[in-house]
Amino acid sequence: MLKIKVEVINPNNFPPVYHKNYPIKWPTGDNLSSVSAILGSIPGFKKLRGSRNDDWIDRMSHVYTVVLLIIFAVIVSTSQFVGNPIHCWHPAEFKGWYEKYAEYYCWISNTYFVSFSESLPVDISERTDREITYYQWVPLILAFQAFLFKVPNVVWKLLHPNSGINLNKVVDMAEKTQMTSPKNRMEIIEHLAAHIDKWLDTERNYSWNRYTAMRERVSRVCCIMCSKRSGTYLSALFLFVKCLYIVNVICQFFLLNAFMATEYNVYGFEVIQGLHSNNPWRESPRFPRVTFCDFEIRQLQNVQRFTIQCVLPINLFNEKIFIFLWFWFFFVAALAAYNFLNWCFVLVMKRSKVAFVKKYLKITDQLQNGFDKKLCHRFADNYLREDGVFVLRVITRNSTDLVTTDLVTQMWRNFQDKQNKRMPNNDATLRPNELHHPSEEKQPLPVD
């Protein structure tokens with residue numbers, strides 16, 4: 001008869017259970033904490049999503065595409081190491097370990113493809129030229145592609161803090177205003193406006209000479225050639241990172257061309273043409289399922305050469321994966337190109353800055369007369385400049401228009417207060433060529 005003995009000897013009141021001579025103990029507090037630490041270290045999707053200091057089209061590349069490629073790499077790796085990735089038709093004299101040896105050899109030394117409508121080439125070099133060299137390395141190439149898609153975001157994360165403002169904290173603070181009470185919300189908005197105001201004042205030119213004047217003129221035409229003192233560092237860096245996203249996704253097609261030794265950049269068009277003409281889905285020469293393998297076996301002083309026919313089940317997955325990736329890369333490239341052109345228009349065109357600020361000031365009825373509209377141009381061009389407007393655009397794309405409206409209104413009031421306390425001739429926050437004599441321009445009205 002089976003005997004079960006239960007003995008309480010644990011100070012944490014977890015009784016160890018003994019079944020014959022094999023103890024089964026409950027996890028102690030230390031073990032539970034280690035398990036929770038392991039589970040807690042697994043990143044959730046919110047952490048994988050990264051910082052929200054860009055737009056959703058950038059996240060299509062450095063988040064969603066990276067996750068997709070890693071999932072495909074895991075699927076292909078599993079099918080290679082868990083199942084049998086290759087099966088070969090052996091000669092009758094091959095038995096047992098001879099069959100295993102032939103399959104292992106053909107898997108690691110490449111196979112070559114010859115359609116059944118052709119005869120096997122007699123020349124060995126011609127067979128070598130037809131070898132398929134990629135299928136063993138598909139998991140690694142997918143992981144390498146995921147790394148390349150993450151590189152532009154890494155460049156952005158490393159370089160954008162040099163602007164003098166923590167864009168991640170600014171966006172997070174703006175987003176938190178949606179979850180608090182009206183009183184706390186206005187306090188956060190005021191703190192955020194004061195922080196951006198201090199940043200804008202800190203990153204201005206503190207001295208004027210011919211060099212800084214020339215740089216200011218160049219900044220109006222080409223923001224990439226300017227530094228953060230000109231107020232164009234963030235916007236220029238953002239456009240540069242956008243270029244990296246486009247270059248990366250286009251280079252992925254040529255990378256796969258070299259990797260698979262085929263014209264992968266036209267692969268999707270061939271698939272569309274076949275579907276349009278209602279042709280049945282046939283085996284692709286890029287991902288052949290039936291291949292051939294040559295190997296030699298030395299028996300004493302005799303060297304015998306064998307040619308066997310093999311089937312690659314792994315290419316069933318590879319074909320569907322790379323078809324999907326072609327269309328996905330094409331879609332991401334189209335989005336990245338459109339997004340780059342859109343941001344170029346938004347950041348380079350001077351009118352877009354003023355129009356962006358006016359839109360939110362009109363919501364709260366801050367522009368009462370023509371003088372306010374004229375002052376709005378100075379507010380956008382000379383106070384906010386390209387980087388200030390860029391920060392507001394990033395906040396808008398990652399939160400709501402309501403947050404941006406309150407923030408722009410508060411910054412507008414801070415700007416008006418500065419103008420009321422400072423005479424124009426002593427205004428150090430504006431460019432010298434924008435200053436006017438007091439008799440030529442009315443002073444702003446004080447804010448209630």
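The values are calculated or read from the model by the stated rules, or taken from the named source; none is laboratory data. Worth saying up front: this structure is predicted, and the values here are computed from it rather than measured. Neighbour counts are summed over all protein chains in view; Cβ atoms, including those assigned to glycine, are modelled from backbone coordinates with ideal geometry.
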Determine the pairs where a residue that is on the phi > 0 side of the Ramachandran plot and touching a residue at least 24 places away in the same chain (Cβ under 8 Å), located within the range 114-128, has a partner that is in a loop (DSSP other than H, G, I, E, B) and β-branched (Val, Ile, Thr) with Cβ atoms under 6 Å apart, the partner being 6 or more residues away or on another chain. none
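Residue-wise test of (1) of a type in the set (Val, Ile, Thr); (2) closer than 22 Å to Ile75 by Cβ; (3) out of contact with any Phe, Trp or Tyr (no Cβ under 8 Å at 6 or more places or on another chain); (4) at pLDDT below 85.
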{"residue": "Trp97", "(1), (2), (3), (4)": "no, no, yes, yes"}
{"residue": "Cys106", "(1), (2), (3), (4)": "no, no, no, no"}
{"residue": "Glu118", "(1), (2), (3), (4)": "no, no, yes, yes"}
{"residue": "Pro121", "(1), (2), (3), (4)": "no, no, yes, yes"}
{"residue": "Thr133", "(1), (2), (3), (4)": "yes, yes, yes, yes"}
{"residue": "Val138", "(1), (2), (3), (4)": "yes, yes, yes, no"}
{"residue": "Leu142", "(1), (2), (3), (4)": "no, yes, no, no"}
{"residue": "Phe147", "(1), (2), (3), (4)": "no, yes, yes, no"}
{"residue": "Pro152", "(1), (2), (3), (4)": "no, no, no, no"}
Failed item in (1) touching a Leu at 6+ places or on another chain (Cβ under 9 Å); (2) in the same structural domain as Phe287 (by TED's automatic domain parsing), with Ser117 passing the rest: (1)
Could you go through the range 336-344 and let me know if any residue there is surrounded by 14 or more Cβ atoms within 10 Å (Cβ to Cβ) and without any contact (Cβ under 8 Å) to a residue 40 or more places away in the chain. no
From the option list Asn426, Asn414, Asn398, single residue qualifying as assigned by TED's automatic domain parsing to the domain that holds Ala193 and either exposed (fewer than 15 other Cβ atoms within 10 Å of the Cβ) or at pLDDT below 85 (or both) is Asn426
So, Val74, is that one surrounded by fewer than 19 Cβ atoms within 10 Å (Cβ to Cβ), within 30 Å of Leu341 (Cβ to Cβ) and among the β-branched types (Val, Ile, Thr) or not? no
Just wondering, is there one or more residues in the range 73-83 that are out of contact with any strand residue (DSSP E or B) (no Cβ under 7 Å at 6 or more places or on another chain) and in a loop (DSSP other than H, G, I, E, B)? yes
Suppose we filter Trp137, Trp107, Trp156 for residues that are touching a helix residue (DSSP H, G or I) at 6+ places or on another chain (Cβ under 8 Å) and within 17 Å of Asp294 (Cβ to Cβ); which single one remains? Trp107
Need at least 1 residues that are closer than 30 Å to Trp89 by Cβ and at pLDDT below 85 per element, so show me which helices (runs of 4 or more DSSP H) inside the range 260-370 make the cut, counting only ones lying wholly within it. 267-276, 314-348
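Considering each of Val63, Val114 in turn, give the residue that is assigned to a helix (DSSP H, G or I), modelled with pLDDT of 80 or more and in contact with a Lys or Arg (Cβ under 9 Å, 6 or more places away or on another chain).
Val63
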Got at least one residue in the range 126-149 being assigned to a helix (DSSP H, G or I) and touching a Pro at 6+ places or on another chain (Cβ under 7 Å)? yes
